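Asker: To start, I am sharing the structure in question, which I have written as structure tokens.
The values are calculated or read from the model by the stated rules, or taken from the named source; none is laboratory data. Not measured: the values here are computed from a predicted model. Note that each Cβ is placed from the backbone with ideal geometry, even for glycine, and that neighbours are counted across all protein chains shown.
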Amino acid sequence: MSLPSDNPVLDARGLVFPADGSVLNQVGLAVGEGETVAVLGAPGAGKSALKACLCGETAPAAGTVWTNGKPFHLLAAEHRRAFRLRHFGLVHQDPVFFPELTLAQFAGLPLRFAAMGQREATQRALTWLGRFEIADAAERRPGEVPTEVLRRAALARAMVNDPLVLFADEPLVGLSDESAGTTSRILRSVARSHGTAVIVFTDDADTAARYERTVHLVGGRTHAEPVPIAVVPAVKPANVPQRMPEAVSQPPTSPARARR
């Protein structure tokens, strides 16, 4: 389990999913206000299940999830959904854009769903597009801008309602190293200035290294440090005669050199 020291915004302990613990087994994760954390795990490690349990899309079979000191895990499904829409921001690995909407309209959708007026929603969307340094693309449509701009627009949309926690699934995928560096720098800055806890889910170590803390998800559990994978030596088949070594004119290569 990996827990920050001071009053985490999100504090999950002992998460089990499903009931047999085959995906998540006593998982713990906590994130503080304004902190950026990467959950790093290989494909199939359970990152999607963990995200679903943390944001309330799925109820864990066991364990607790607290948000700002309140027991989020005790809410009924419809109340978790309402809380998620108001207090969480989500970025999917493949965000769905509507070709007929401008990026400003797209970024303002969560506010419109919450019954905010068009003018105020648009103004807040423009503000957030500016925070992610793509204000000049506000009136462009998805098919008219590069992937980098779309990735930042998805982050702006997730932040437009000032969430307590932002859950981002592979937010840098498809970006060049320079673009990924700029986007992650902006996200860290936004997290600090607005006190938003950011959790990035990724299978890429370079992506994880761009954030303040990395939590490794291995074998259904979270670890603060990488978990070494044991290397099993090859076993020679039994009853197979070994060929005698041939004479050589030079000394045999040392084991250390052979492993290079």
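Asker: What about Arg140, is it among the basic types (Lys, Arg) and either free of Cβ contacts under 8 Å to residues at least 12 places away in the same chain or surrounded by fewer than 22 Cβ atoms within 10 Å (Cβ to Cβ) (or both)? Show your work before the answer.
Answerer: On the way: among the basic types (Lys, Arg): yes; either free of Cβ contacts under 8 Å to residues at least 12 places away in the same chain or surrounded by fewer than 22 Cβ atoms within 10 Å (Cβ to Cβ) (or both): yes.
Yes; evaluated as a whole, the condition is true for this residue.
Asker: (1) at positive phi; (2) in a helix (DSSP H, G or I): which one isn't true of Gly63, the others all being true?
Answerer: (2)
Asker: Still on this structure, I have one more. Which pairs turn up if I take residues in region 200-217 that are over 15 Å from Leu175 (Cβ atoms) and look for partners that are surrounded by fewer than 20 Cβ atoms within 10 Å (Cβ to Cβ) and among the β-branched types (Val, Ile, Thr) with beta carbon separation below 7 Å, at least 6 apart in sequence or on another chain?
Answerer: Correct list of pairs: His216/Val227.
Asker: Is at least one residue of region 195-202 at pLDDT 50 or above, within 30 Å of Thr67 (Cβ to Cβ) and assigned to a loop (DSSP other than H, G, I, E, B)?
Answerer: Taking region 195-202 as the starting set, the residues that turn out to be at pLDDT 50 or above are 195-202.
Imposing the further condition that a residue be within 30 Å of Thr67 (Cβ to Cβ) reduces the set to 195-202.
Now narrow it down to the ones that are assigned to a loop (DSSP other than H, G, I, E, B): 195-196.
So far as region 195-202 goes, yes, one or more of its residues are at pLDDT 50 or above, within 30 Å of Thr67 (Cβ to Cβ) and assigned to a loop (DSSP other than H, G, I, E, B).
Asker: Given the structure, is Leu15 modelled with pLDDT of 95 or more and outside any helix (DSSP H, G or I)?
Answerer: On the way: modelled with pLDDT of 95 or more: yes; outside any helix (DSSP H, G or I): yes.
Against the criterion (modelled with pLDDT of 95 or more and outside any helix (DSSP H, G or I)), Leu15 qualifies.
Asker: On to the next question. Mind checking which pairs have a first residue in region 7-29 that is surrounded by fewer than 17 Cβ atoms within 10 Å (Cβ to Cβ) and a second that is among the acidic types (Asp, Glu), Cβ under 9 Å, 6 or more apart or different chains?
Answerer: Going by the 9 Å Cβ cut-off, the qualifying pairs are Asn7/Glu33.
Asker: Could I ask something else about it? Given the options Val39, Val16, name the one that is within 13 Å of the chain's Cα centre (by Cα) and not basic (Lys, Arg).
Answerer: Checking each option against the conditions leaves just Val39.
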